[in-house]
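Trainee: Below is the structure I would like to discuss, written out as structure tokens.
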Amino acid sequence: MVQRVLDAGLDTVEQAAALAESQAPGIRVTSVVSRDVAVPALLGEAGDHGRTVVGTRGAGGFSALLLGSVGLRVAACATAPVVVVRGTPSHVTTGVVLVAVRDERDLDVMRFAAETADRHKASLRVLSAYTHYQYAGSMVPVLGDLTDVAGEQASSVTRLIGPVRDEFPGLTVTGDLVRAHSPAGALVDASAHADLVVVGARRPAHALGTPLGRVVHAVLHHAHCPVAVFPDGERHRFDD
């Protein structure tokens, strides 16, 4: 029984390697069949400097659009970038890499997105979404003027874009600050007009296990194009 499973796995990876070579003739492709559990096997092969690519899994219909548990755990635990291949064959190529940022702590995420866009001769769109408690009621302390909130976030985005433009002078970079009821919804909508969305892992502080932040989790499940998750180096970043 075990040998039949191994033989089937070997046949699968050999077919995948042949397909990869046919799509990119100049690339070197190797295949491995591991006896380890899927998540540690993938993370072990990638290490700290590799890049893991996973797809979405499902039996059809809506479930086929959702990211499976293996892909989600790889994205949550990886110490190197993870790309989740999403979207449909009918998705129109736009030549745009979309990166979601909040403040200066996302500079490494920005650089990764800029390097990716520059390598593929694409443009870089920097999107920062903010929200407010529209229906907070009297029990919530009064928030500052929304104009001040927008101004502070716009300044943070500008400070992020400056170094990237200096480092990649040939790269077209645009910045958008969006007020939205749902930052995740804003990113998912924007993904319909991008070839790749780049997000930081945003692992919540003091959370059990290795969860991702709510926004990242939603984007991984619902984006219209592939999503690249850049690892959280500090391992205690926050989400909204």
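The values are calculated or read from the model by the stated rules, or taken from the named source; none is laboratory data. Keep in mind that this is a model prediction, so the values were computed, not measured. For neighbour counting, all protein chains shown are included, and Cβ atoms are generated from backbone atoms with ideal geometry for every residue, glycine included. Ligands, DNA and RNA are excluded from the accessible area calculation, which covers all protein heavy atoms including side chains. Shrake-Rupley method; radii C 1.70, N 1.55, O 1.52, S 1.80 Å.
Trainee: Provide the FRET efficiency to the nearest 0.05 for the Ser182-Asp108 pair, computing r from the beta carbons and using R0 = 30 Å.
Mentor: Taking R0 as 30 Å, the efficiency between Ser182 and Asp108 is 0.75.
Trainee: What order do His224, His49, His193, His91 take when sorted by accessible area (1.4 Å probe), most exposed first? Don't skip to the answer; put the middle values down first.
Mentor: Values: His224 85, His49 180, His193 125, His91 50 Å².
Largest to smallest exposure gives the sequence His49, His193, His224, His91.
Trainee: Continuing with this model, one more query. Past the 16 angstrom mark, what percentage of all C-alpha to C-alpha distances in segment 1-59 do you count?
Mentor: 58
Trainee: So for the pair Ser90, Thr30, with labels modelled 7 Å out along Cα→Cβ, what separation do we get in nm?
Mentor: Taking the simple label geometry, Ser90 and Thr30 are separated by 4.1 nm.
Trainee: Thinking of segment 67-115 as a set of Cα atoms, what percent of all their pairs are more than 17 Å apart?
Mentor: Beyond 17 Å sits 54 percent of the P(r) for segment 67-115.
Trainee: Still on this structure, I have one more. Tell me, what is the 1.4 Å probe accessible area of Thr93, in Å² to the nearest 10?
Mentor: The accessible area comes out at roughly 110 Å².
Trainee: Starting at 0 and stepping by 5 Å, how many percent of the alpha carbon pairs of segment 11-123 end up in each bin?
Mentor: 2, 9, 13, 19, 23, 19, 10, 4, 1, 0
Trainee: Can you give the accessible area of Leu10, probe radius 1.4 Å, in Å² rounded to 10?
Mentor: We get 80 Å² for Leu10.
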